[in-house]
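A short worksheet on the structure shown next.
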Amino acid sequence: MENPDGLPPENGFPAQQRPQVVGFLLVPGFALMSYAAAVEPLRAANLISGKTLYRWWHSAPGGEPVIASNGVAILPDVGIGAAREVDTLFVCAGGNPAVFDDRNVFAWLRRLARRGVTLGGISGGPYILAKAGLLDDRRMTLHWEHQPAFSEAFPDIAVSPSLFEIDGNRITCSGGISALDMMVALIERDHGRQLAASVGDWFLHTHIREGMGPQRMDLRFRLGVADKKLLRVLHGMEDNIEVPRSRADLAALAGVSVRQLERLFRRHLGRGVHHQYRSLRLERARQLLRETALPVLDVAIATGFGSSSQFARAYRRAFDEPPSQTRCSV
């Protein structure tokens, strides 16, 4: 792409041979694994090809060393808003991206978008792109942990449960190891299948996943359940959090009686239908308390409770603290 900053090509590369420049905006609390899975394939592509196909730099709000979620610090080399050559900028975020509110960062991202820079978000990074108004009418994804809060904050933006999405000059990724799958796909797009396969092989990643692959482990493995009838009900529960389905509806979904359904749950999960469903709803509530500013009553309604008092009692029994304490501890 044409250099939007009007700067000469760096390192003496002719324009047609210029390496692609990738920027990483690291937000405090970013997941180190997601970032490493995105940057390391660029290094491998250079090494395997014997060419400088990619260069990269780092930026962070405030320009200070930025601390990852595991405590590792990375020193940024580009300030927010700096006139630095870039083709693609990835926002790497974790923790609670819903509370990020740096107007200088949002303005910078919008300026880059106007100049035609491809913008990407990894893990919680898409949340920040959305807060900057840069994901409207775009196909997108983000880490499953952030999806409930994101959908509450941006009800008009459809979230895909995929590993990554490439929609023109917007790229979003659910994070973790899926960032490696995404970068291999981008390397294949830019430099061919052979180099992309070699990069995957370099990292012992022998099965490169397509972007539309599922983010989460199948319920069969996540809960250690193989019974097909029970699995249909569990999926039905996950899909109906705000308006919980009755035990009779769930039993009909499995094609069994309510009594048979209760026996299935106790045999395979060691708890009854009501207990399992309430636990699932309360876990969703805890996510919303941690990642949104929704009033407690709204969280209660979004997770199928009729009142804030009913919700608070159930929440305290489950987590040994009131909802307000969960929010304050974040």
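With θ taken as phi - 60° and the Karplus curve 6.51 cos²θ - 1.76 cosθ + 1.60 applied, the whole-hertz 3J(HN,Hα) list for region 158-167 is 6, 9, 8, x, 7, 6, 7, 9, 10, 10 Hz, x standing for glycine and proline. Counting neighbouring beta carbons within 10 Å and listing from fewest to most, the residues Ser123, Ser279, Ser162 come out as Ser279, Ser162, Ser123. Could you state the number of Å between the C-alpha centres of region 254-325 and region 159-205? Centre-to-centre distance over Cα atoms comes out at 36 Å. If the reach is capped at under 20 angstrom between alpha carbons, list the aspartates and glutamates near Lys51, excluding any in the same chain fewer than eight residues apart. Filter leaves Glu10, Glu40, Glu85, Asp87, Glu188, Asp190, Asp201. Amide H contacts under 5 Å for Gly175: Ser123, restricted to partners 5 or more places along the chain or on a different chain, H placed in the peptide plane at 1.01 Å from N.
Evaluate E = 1/(1 + (r/R0)^6) for Ile48 and Trp144, where r is the Cβ-Cβ distance and R0 equals 41 Å; express this FRET efficiency to the nearest 0.05. Write out the running numbers ahead of the final one.
Working: r = 32 Å, r/R0 = 0.78.
Efficiency for this residue pair is about 0.80.
The Glu242 and Gln194 beta-carbon pair, evaluated with R₀ = 56 Å, returns a calculated FRET efficiency of approximately 0.70. Counting only DSSP beta bridges with both residues in the chain, the antiparallel share comes to about 25 percent. Per residue, the chain reaches -13500 deg cm²/dmol at 222 nm when only DSSP H runs of four or more residues are counted, each adding -39500 (n - 2.57).
Within a straight-line Cα-Cα reach of under 17 Å, Lys229 can be paired with the following aspartates and glutamates, leaving aside sequence neighbours fewer than 8 residues apart in one chain: Asp218, Glu238, Asp239, Asp249, Glu262. Checking the cross-link filter: which aspartates and glutamates have an alpha carbon closer than 19 Å to that of Lys131, excluding same-chain neighbours under 8 positions apart? Answer for Lys131, where 19 Å is the Cα cut-off: Asp101, Asp102, Glu145, Glu152, Asp156, Glu165, Asp167, Glu291, listed by chain and number. Provide the percentage of antiparallel DSSP beta bridges, counting only those with both residues in region 10-202; round to the nearest 5. In region 10-202, approximately 20 percent of DSSP beta bridges are antiparallel ones. One chain, two ends: Asp249 and Ala82. Fully extended at 0.36 nm per residue, the span grows by 54.4 nm beyond their Cα-Cα distance. Remark: spin-label model distance Gln17-Arg111 equals 3.2 nm, labels positioned 7 Å along the Cα→Cβ axis. Across region 286-291, computed HN-Hα scalar couplings (Karplus, 6.51 cos²θ - 1.76 cosθ + 1.60, θ = phi - 60°) run 5, 4, 5, 5, 6, 10 Hz from first to last residue, x flagging Gly and Pro. Just one of [x] 21.0, 92; [y] 22.5, 75; [z] 18.6, 58 is Rg and Dmax of the Cα atoms in Å calculated from these coordinates, so which is it? Only one option fits the structure, namely [y]. As a length-normalised measure over Cα pairs under 8 Å and 6 or more apart, the relative contact order of region 10-202 settles at 21 percent. Across the chain, the mean sequence separation of Cα contacts (distance under 8 Å, 6 or more residues apart), normalised by length, yields a relative contact order of 13 percent.
Just so you know, all these numbers are worked out from the coordinates, no wet-lab data involved. Treat the numbers as computed from the prediction; the structure is a model and nothing was measured. Backbone-built Cβ (ideal geometry, glycine too); neighbour counts: all protein chains shown.
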